[in-house]
Amino acid sequence: MTLTVTRVTHACVLLDFAGRRLLTDPWFSERRGYYRGEPLAFPPDGLPELAGVLVSHGHYDHFDLAAFAAYPDRSVPFVVKRGLAAQVRAAGFANVTEVDPWERADLGGLRVTAAPARHSVPEVSFVIEGAGQAVFFGGDTLRIAELDEVAARFPRIARPAFNRQVVMTAEQAAGLAGMLRARVAVPIHYAYTAGPLRDRLLLKYNGTPERFAAALHSTAPATQARILQPGQPLTVNGASAPLPGSQRR
């Protein structure tokens with residue numbers, strides 16, 4: 001069975017488990033201080049049919065409900081960090097499940113397990129299993145010791161995502177990919193910009209996907225780094241692939 005990973009932008013990723021598709025951390029618009037820094041692969045009304053939407057935390061660039069409201073199927077199920085369901089329902093999507101770490105939900109035959117995370121607001125990461133594959137999505141989390149349990153609970157992992165120093169560095173993301181023993185790691189959340197002044201003075205971002213790939217080659221040579229442009233699909237056959245998150249610092 002195959003898994004296809006397609007970056008939409010930032011931490012918004014389309015995961016296709018043999019035709020059952022999940023969208024992570026939807027972000028489709030921009031506003032002052034929040035710029036993608038890269039193209040948008042699909043608008044919300046251009047997305048394929050979704051089996052569900054995963055939301056790791058409530059920051060606008062991961063939880064863009066106003067723009068996602070253009071998605072035509074209001075019955076699409078959401079799995080979100082506990083405390084966010086009321087906002088999802090207020091946006092017109094009634095089918096929503098809240099989770100905390102190690103709680104599970106089923107989305108069209110895909111098993112979604114919330115995992116620990118730490119950010120500047122309450123957050124979870126996710127492990128998604130289906131079609132013989134397991135994917136770790138790290139959202140915006142820091143590298144925390146609690147994530148070591150993910151590898152113990154899910155020995156077959158394929159990873160799309162880590163992220164700033166309210167998130168991970170490129171080197172920490174590479175280390176986590178190695179700890180998870182992923183076959184493939186896809187960096188995300190690295191092109192976002194708050195504008196030149198805020199980037200330089202406040203966020204102090206300097207991570208790149210190339211830096212992540214170099215760190216991964218050094219620390220976890222058995223894991224392959226794949227840098228994807230928005231809209232560029234990656235198909236993984238018969239194993240796991242992680243999404244490391246933002247390589248910001």
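A few comments on the model shown:
Residue-by-condition table, conditions (1) of a type in the set (V, I, T); (2) part of a loop (DSSP other than H, G, I, E, B); (3) out of contact with any Asp or Glu (no Cβ under 8 Å at 6 or more places or on another chain):
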{"residue": "V88", "(1), (2), (3)": "yes, no, yes"}
{"residue": "G92", "(1), (2), (3)": "no, yes, yes"}
{"residue": "W102", "(1), (2), (3)": "no, yes, yes"}
{"residue": "D106", "(1), (2), (3)": "no, no, yes"}
{"residue": "H119", "(1), (2), (3)": "no, yes, no"}
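- Residue within the range 74-90 that is of a type in the set (D, E, K, R), closer than 13 Å to W27 by Cβ, surrounded by 15 or more Cβ atoms within 10 Å (Cβ to Cβ) and touching a residue at least 24 places away in the same chain (Cβ under 8 Å) present: no
- Residue check for T113: part of a strand (DSSP E or B), of a type outside the set (A, V, I, L, M, F, W, C), open to solvent by 10 Å² or more (accessible area, probe 1.4 Å) and modelled with pLDDT of 95 or more: no
- Scanning the range 155-178 for residues that are in contact with an Asp or Glu (Cβ under 8 Å, 6 or more places away or on another chain) and open to solvent by less than 10 Å² (accessible area, probe 1.4 Å), we see that the one that is modelled with the lowest pLDDT is N163.
The values are calculated or read from the model by the stated rules, or taken from the named source; none is laboratory data. As the structure is a computational prediction, the values presented were derived from the model and not from experiment. Because the Cβ atoms are built from the backbone with ideal geometry, glycine has one as well, and the counts that use them run over all protein chains shown. Keep in mind that these areas ignore ligands, DNA and RNA; they rest on the heavy atoms of the full protein, side chains included. Shrake-Rupley method; radii C 1.70, N 1.55, O 1.52, S 1.80 Å.
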